[in-house]
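Enquirer: Got a structure for you, written out below as structure tokens; questions coming shortly.
The values are calculated or read from the model by the stated rules, or taken from the named source; none is laboratory data. What you see is a predicted model, and the numbers here were worked out from it, not measured in a lab. When we count neighbours, we look across all protein chains shown, and the Cβ atoms used for this are built from the backbone with ideal geometry, even at glycine. Note: accessible area is taken over every heavy atom of the protein model, side chains too, but ligands, DNA and RNA are not part of it. Shrake-Rupley method; radii C 1.70, N 1.55, O 1.52, S 1.80 Å.
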Amino acid sequence: MGSTVDIITLANLAEKMPRWDPAASNHLFALVDMGSNGIRFSISDLSPPQTRLLKCVYRERAAISLFDALSKPLATEGSSPSLTFPANTIRLVSQTLARFRAIAVDDYGVPPGQVMVFATEAMRKAQNAGSMLDAIRSEAPDLLVHILAPQVETLFGAVGARSGYADVRGLFLDLGGGSIQMTYMDTYTARLLAQDENQPGYELAAALAGESLPFGAARLIRVLQTDDLEVQAAEMSRLNQGMGDAFSKLCRAFPSLAEIAILAGDANGSDGNAGIDVYLCGGGFRGYGSMLMHNDPIQPYPIPLIGSYTVSGEMFGRTKEMLEINKAFEGKIFGMSKRRRAQFPAIITVVEALIAAIPPIRSVTFCAGGNREGALMMKLPRDVRESSPATVLYVPTELVTTPTRAQEGAGLAVVVDCLLSAFPGNLDPRKMNTVFGMGLGHVYVSQIWDRVGHDDAANAAAALHDAIAMDPNCPGLTHLTRAVLGLTLCARWGGSVAPIDQHLYSSLRVRVNRSDPDTAFWADYIGALTAVLVNLITAPPKTKAVIDDNIRLRCTTEMDKKTHIRLEISVSEKVSRGIDLDELADLFKGIGKKTHKKITVTTSQLR
């Protein structure tokens with residue numbers, strides 16, 4: 001095998017994984033993940049300045065289970081069954097990879113040196129893996145297959161899941177067909193340590209401390225279906241012991257996790273803010289997330305994406321209820337294949353082992369990323385990896401007439417500052433569940449002059465649908481941020497939607513208020529503020545003076561039975577010509593009803 005395969009370890013990772021070159025003439029990368037449950041292929045565009053988004057331009061999945069192909073009887077620990085791929089599987093895999101290579105190189109123009117193939121648990125276990133690799137080389141001579149050491153698989157899985165967020169602090173687990181990985185990542189503490197580019201980062205620390213356990217969904221379902229109760233009991237004991245040991249090892253390696261665990265254990269569920277945050281990736285866990293989404297209290301659930309779907313620890317723990325629904329529900333469950341439903345008892349077993357091994361869970365987020373995204377992230381320099389995806393989400397529209405991106409960004413910054421000035425000093429929207437607090441201020445204001453030639457009600461509906469559908473796996477856009485962005489843009493257009501969209505609108509409001517009951521109110525408030533600004537400043541500002549010389553916003557609050565927000569809008573004579581200022585105040589009518597907030601708006605001429 002040594003002559004035909006490269007094994008990637010943490011020690012040779014930098015050598016086997018050349019760094020991304022921002023000056024390269026071609027930024028397309030094709031990756032194949034030969035997982036145990038299926039083979040996934042994607043082509044990603046890392047062109048600057050949107051490199052951090054890992055923009056996927058093509059993806060495909062071949063339903064080839066390498067683990068099922070190793071169909072030998074289970075054995076107790078200590079025995080060594082023969083694990084070999086049959087000839088038809090070798091032929092099918094090699095032809096599939098040759099096809100993927102042709103799509104990448106011939107159809108999309110990916111440089112052959114930027115096509116990478118990774119193999120995981122099944123290829124690590126197969127005794128005739130060399131025959132598989134020789135067949136692949138015969139079908140596609142320049143296609144090199146890299147077998148990932150378990151620690152590297154842990155690294156890629158965790159970093160791939162982490163790629164969807166600006167910051168994370170929590171356990172990361174990846175449930176595939178053959179194995180499960182557990183580790184911990186804390187970008188907040190890592191940033192405080194300010195490690196330089198030449199020192200090992202938190203990613204490698206996570207990989208070194210992480211554990212890979214041989215209990216993937218495809219393997220575990222065979223354990224559960226065996227008639228040998230002794231084998232079944234032994235394997236369940238190994239799973240539970242392995243989970244507990246893995247968590248204990250992580251606590252010893254990471255003081256911040258140990259501290260969270262102690263606080264969570266002391267609270268024992270009595271404090272809703274205490275507990276472990278968990279991030280889950282891999283097909284098995286995404287299957288469990290799809291079942292939870294199918295049974296979410298908000299029905300139908302308004303955002304049809306499993307990536308960034310978040311539930312409370314309490315909801316995550318409803319394993320018996322989910323198992324019964326999987327057995328009884330005869331229809332199609334969105335996001336779950338027949339194979340995934342057949343493996344569902346194994347997935348439940350892993351979830352229950354996880355819950356038993358760690359202190360109370362505060363939240364669980366199901367992540368879209370995996371090995372391919374993790375491999376791409378590890379090619380990038382640290383400053384790009386650690387940048388917020390939201391900073392490069394903005395793409396200028398045809399309405400932005402400033403001559404350079406730098407000027408466009410400056411114009412948007414002035415608009416953001418203007419809107420922020422309409423909050424009282426004791427309330428900072430950058431620390432709340434608002435588009436500003438979620439790092440989407442520039443993304444939001446870049447869209448507020450879009451579609452000005454269309455009907456307000458149509459624009460309000462488009463805002464809702466666009467936010468939940470845009471760039472399905474785009475890093476930085478969680479379910480919460482999508483909902484807040486959509487509701488705020490909808491409010492910018494008056495918030496009036498047709499009956500067919502009323503359920504979507506109401507569901508998104510319930511979704512955002514799960515995290516904070518004031519979230520929908522602030523979306524409405526910011527949207528109304530924006531409508532005021534756009535009524536006065538009718539095109540994106542080319543200079544800072546366009547805003548500064550024509551509109552001033554001032555806000556104070558008073559506390560009584562309700563929080564009384566007093567907003568003063570002062571505008572210049574130039575931009576207020578032909579405008580009834582009272583109509584600007586009317587844009588806030590109805591906002592805050594049935595809440596503990598009240599808004600009073602006054603308007604005047606700017607002196």
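Enquirer: Sort through Tyr165, Tyr184 and tell me the only one that's in contact with a Gly (Cβ under 8 Å, 6 or more places away or on another chain) and open to solvent by less than 10 Å² (accessible area, probe 1.4 Å).
Expert: Numbers: Tyr165 fails: open to solvent by less than 10 Å² (accessible area, probe 1.4 Å).
None of the others qualify; the one that does is Tyr184.
Enquirer: Then there's this: Among the helices (runs of 4 or more DSSP H) confined wholly to segment 209-304, which include 2 or more residues that are free of Cβ contacts under 8 Å to residues at least 40 places away in the same chain and not aliphatic (A, V, I, L, M)?
Expert: On the way: elements: 217-225, 229-253, 255-267, 283-294.
Because the criterion is at least 2 residues that are free of Cβ contacts under 8 Å to residues at least 40 places away in the same chain and not aliphatic (A, V, I, L, M), the helices (runs of 4 or more DSSP H) in segment 209-304 that meet it are 229-253, 255-267.
Enquirer: Same structure again: Taking the criterion of being closer than 27 Å to Lys55 by Cβ and outside any strand (DSSP E or B), would at least one residue in segment 191-199 satisfy it? Spell out how you get there, then give the answer.
Expert: First pass over segment 191-199, keeping only residues closer than 27 Å to Lys55 by Cβ: 191, 197.
Restricting the remaining residues to those that are outside any strand (DSSP E or B) gives 191, 197.
There is at least one residue in segment 191-199 that is closer than 27 Å to Lys55 by Cβ and outside any strand (DSSP E or B).
Enquirer: If you don't mind, another one. Within segment 508-521, can you find the residues that are small (Gly, Ala, Ser) and buried (at least 20 other Cβ atoms within 10 Å of the Cβ)?
Expert: Of segment 508-521, the ones small (Gly, Ala, Ser) are 515, 520.
Scanning segment 508-521 gives a single hit, Ala520.
Enquirer: Does Glu386 satisfy being open to solvent by 10 Å² or more (accessible area, probe 1.4 Å), charged (D, E, K, R) and within 30 Å of Ile39 (Cβ to Cβ)? Steps first, answer last, please.
Expert: On the way: open to solvent by 10 Å² or more (accessible area, probe 1.4 Å): yes; charged (D, E, K, R): yes; within 30 Å of Ile39 (Cβ to Cβ): no.
In short, no.
Enquirer: OK, next. Could you give every pair whose Cβ atoms fall below 6 Å, whose first residue belongs to segment 590-606 and is within 11 Å of Lys562 (Cβ to Cβ), and whose second residue is among the acidic types (Asp, Glu) and in a loop (DSSP other than H, G, I, E, B), counting only separations of at least 6 or pairs across chains?
Expert: From residues that are within 11 Å of Lys562 (Cβ to Cβ), there are no pairs.
Enquirer: Any idea which of (1) open to solvent by less than 10 Å² (accessible area, probe 1.4 Å); (2) assigned to a helix (DSSP H, G or I) is the one Glu153 doesn't satisfy?
Expert: Failing condition for Glu153: (1).
Enquirer: Mind listing just one residue for me: the one in segment 541-561 that is assigned to a loop (DSSP other than H, G, I, E, B) and open to solvent by 90 Å² or more (accessible area, probe 1.4 Å) and, of those, modelled with the highest pLDDT?
Expert: Of the residues in segment 541-561, the ones assigned to a loop (DSSP other than H, G, I, E, B) are 541-543, 549-550, 560-561.
Cutting the leftovers down to open to solvent by 90 Å² or more (accessible area, probe 1.4 Å) gives us 542, 549, 560-561.
On the way: Lys542: 84, Asp549: 93, Asp560: 79, Lys561: 79.
The residue in question is Asp549.
Residue-wise test of (1) in contact with a helix residue (DSSP H, G or I) (Cβ under 6 Å, 6 or more places away or on another chain); (2) not hydrophobic (A, V, I, L, M, F, W, C).
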| position | (1), (2) |
| --- | --- |
| Gly244 | yes, yes |
| Ala253 | yes, no |
| Asp266 | no, yes |
| Ala274 | yes, no |
| Cys281 | yes, no |
| Arg286 | no, yes |
| Leu305 | no, no |
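Enquirer: Please identify the pairs in which a residue from segment 329-340 that is among the hydroxyl-bearing types (Ser, Thr, Tyr) has its Cβ atom under 9 Å from the Cβ atom of a residue that is in a loop (DSSP other than H, G, I, E, B), counting only partners at least 6 apart or on another chain.
Expert: If the second residue must be in a loop (DSSP other than H, G, I, E, B), the pairs left are Ser337/Ala63.
Enquirer: Among Ala523, Ala457, Ala491, which is at pLDDT 90 or above and under 25 Å from the mean Cα position of the chain (by Cα)?
Expert: Working: Ala457 fails: under 25 Å from the mean Cα position of the chain (by Cα); Ala491 fails: under 25 Å from the mean Cα position of the chain (by Cα).
Exactly one residue qualifies, and that residue is Ala523.
Yes/no matrix, rows are residues, columns are (1) aliphatic (A, V, I, L, M); (2) buried (at least 17 other Cβ atoms within 10 Å of the Cβ); (3) more than 21 Å from Met17 (Cβ to Cβ):
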site	(1), (2), (3)
Phe29	no, yes, no
Ile43	yes, yes, no
Leu53	yes, yes, no
Cys56	no, yes, no
Glu60	no, no, yes
Ala63	yes, no, yes
Phe67	no, yes, yes
Leu70	yes, yes, yes
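Enquirer: Further question on the same structure: Looking only at segment 309-344, which residues are open to solvent by 70 Å² or more (accessible area, probe 1.4 Å) and among the charged types (D, E, K, R)?
Expert: Once the filter is applied, which keeps residues that are open to solvent by 70 Å² or more (accessible area, probe 1.4 Å) and among the charged types (D, E, K, R), segment 309-344 yields Glu314, Arg318, Lys320, Glu321, Glu324, Lys327, Glu330, Lys332, Lys338, Arg339.
Enquirer: Now for a different question. Looking only at segment 124-141, how many residues end up being assigned to a helix (DSSP H, G or I) and either within 17 Å of Gln95 (Cβ to Cβ) or basic (Lys, Arg) (or both)? Working first, answer last.
Expert: Looking only at segment 124-141, we keep the residues that are assigned to a helix (DSSP H, G or I), and these are 124-125, 129-139.
Adding the requirement that they be either within 17 Å of Gln95 (Cβ to Cβ) or basic (Lys, Arg) (or both) leaves 124-125, 131-139.
Selection size over segment 124-141: 11.
Enquirer: Being in contact (Cβ under 8 Å) with a residue 40 or more places away in the chain, open to solvent by 50 Å² or more (accessible area, probe 1.4 Å) and part of a helix (DSSP H, G or I), is that true of even one residue in segment 479-501?
Expert: Scanning segment 479-501 turns up no residue that is in contact (Cβ under 8 Å) with a residue 40 or more places away in the chain, open to solvent by 50 Å² or more (accessible area, probe 1.4 Å) and part of a helix (DSSP H, G or I).
Enquirer: Is it fair to say Leu133 is out of contact with any helix residue (DSSP H, G or I) (no Cβ under 8 Å at 6 or more places or on another chain) and open to solvent by less than 10 Å² (accessible area, probe 1.4 Å)?
Expert: Values: out of contact with any helix residue (DSSP H, G or I) (no Cβ under 8 Å at 6 or more places or on another chain): yes; open to solvent by less than 10 Å² (accessible area, probe 1.4 Å): yes.
It is true that Leu133 is out of contact with any helix residue (DSSP H, G or I) (no Cβ under 8 Å at 6 or more places or on another chain) and open to solvent by less than 10 Å² (accessible area, probe 1.4 Å).
Enquirer: When residues of segment 168-181 are filtered for being open to solvent by less than 10 Å² (accessible area, probe 1.4 Å) and either modelled with pLDDT of 90 or more or touching a strand residue (DSSP E or B) at 6+ places or on another chain (Cβ under 6 Å) (or both), how many remain? If you could, list the steps in order and put the result at the bottom.
Expert: Of the residues in segment 168-181, the ones open to solvent by less than 10 Å² (accessible area, probe 1.4 Å) are 168, 170-173, 175, 177-181.
Narrowing the set further to residues that are either modelled with pLDDT of 90 or more or touching a strand residue (DSSP E or B) at 6+ places or on another chain (Cβ under 6 Å) (or both) leaves 168, 170-173, 175, 179-181.
Within segment 168-181, residues that are open to solvent by less than 10 Å² (accessible area, probe 1.4 Å) and either modelled with pLDDT of 90 or more or touching a strand residue (DSSP E or B) at 6+ places or on another chain (Cβ under 6 Å) (or both) number 9.
Enquirer: Can you tell me how many residues in segment 257-291 are touching a Pro at 6+ places or on another chain (Cβ under 6 Å) and at pLDDT below 90?
Expert: Residues in segment 257-291 being touching a Pro at 6+ places or on another chain (Cβ under 6 Å) and at pLDDT below 90: 3 in total.
Enquirer: Go through segment 206-231 and give me each residue that's touching a strand residue (DSSP E or B) at 6+ places or on another chain (Cβ under 7 Å), open to solvent by less than 10 Å² (accessible area, probe 1.4 Å) and within 17 Å of Thr349 (Cβ to Cβ).
Expert: Phe215, Gly216, Ala217 - these are the residues of segment 206-231 that are touching a strand residue (DSSP E or B) at 6+ places or on another chain (Cβ under 7 Å), open to solvent by less than 10 Å² (accessible area, probe 1.4 Å) and within 17 Å of Thr349 (Cβ to Cβ).
Enquirer: Looking at Glu373, Glu352, which is the one that is crowded, with 22+ Cβ neighbours inside 10 Å, in contact (Cβ under 8 Å) with a residue 12 or more places away in the chain and acidic (Asp, Glu)?
Expert: Values: Glu352 fails: crowded, with 22+ Cβ neighbours inside 10 Å.
From the options Glu373, Glu352, the qualifying one is Glu373.
Enquirer: Take the conditions open to solvent by less than 50 Å² (accessible area, probe 1.4 Å), among the β-branched types (Val, Ile, Thr) and more than 25 Å from Ala62 (Cβ to Cβ) and apply them to Ile306. Does it pass?
Expert: On the way: open to solvent by less than 50 Å² (accessible area, probe 1.4 Å): yes; among the β-branched types (Val, Ile, Thr): yes; more than 25 Å from Ala62 (Cβ to Cβ): no.
No; evaluated as a whole, the condition is false for this residue.
Enquirer: Of all residues in segment 319-334, count the ones that are part of a loop (DSSP other than H, G, I, E, B) and either under 24 Å from the mean Cα position of the chain (by Cα) or not charged (D, E, K, R) (or both). Break it down stepwise before answering.
Expert: Kept after step one, since they are part of a loop (DSSP other than H, G, I, E, B), are these residues of segment 319-334: 329-334.
Filter again for either under 24 Å from the mean Cα position of the chain (by Cα) or not charged (D, E, K, R) (or both), leaving 329, 331, 333-334.
The qualifying residues number 4.
Enquirer: Determine whether segment 562-571 contains at least one residue that is part of a loop (DSSP other than H, G, I, E, B), modelled with pLDDT under 95 and touching a helix residue (DSSP H, G or I) at 6+ places or on another chain (Cβ under 9 Å).
Expert: To start, the set of residues in segment 562-571 that are part of a loop (DSSP other than H, G, I, E, B) comprises 562.
In the following step, the residues that additionally are modelled with pLDDT under 95 were identified as 562.
Checking which are touching a helix residue (DSSP H, G or I) at 6+ places or on another chain (Cβ under 9 Å) leaves us with none.
Scanning segment 562-571 turns up no residue that is part of a loop (DSSP other than H, G, I, E, B), modelled with pLDDT under 95 and touching a helix residue (DSSP H, G or I) at 6+ places or on another chain (Cβ under 9 Å).
Enquirer: Is it true that Leu376 is modelled with pLDDT of 95 or more and either within 21 Å of Arg162 (Cβ to Cβ) or among the aromatic types (Phe, Trp, Tyr) (or both)? Lay out the reasoning, then the answer.
Expert: Working: modelled with pLDDT of 95 or more: yes; either within 21 Å of Arg162 (Cβ to Cβ) or among the aromatic types (Phe, Trp, Tyr) (or both): yes.
Yes, satisfied.
Enquirer: Restrict the check to segment 452-460 and report whether at least one residue is small (Gly, Ala, Ser) and crowded, with 19+ Cβ neighbours inside 10 Å.
Expert: Of segment 452-460, the ones small (Gly, Ala, Ser) are 453, 457-458, 460.
Add one more test, that the residue is crowded, with 19+ Cβ neighbours inside 10 Å, and what stays is 460.
The answer is yes; a qualifying residue exists.
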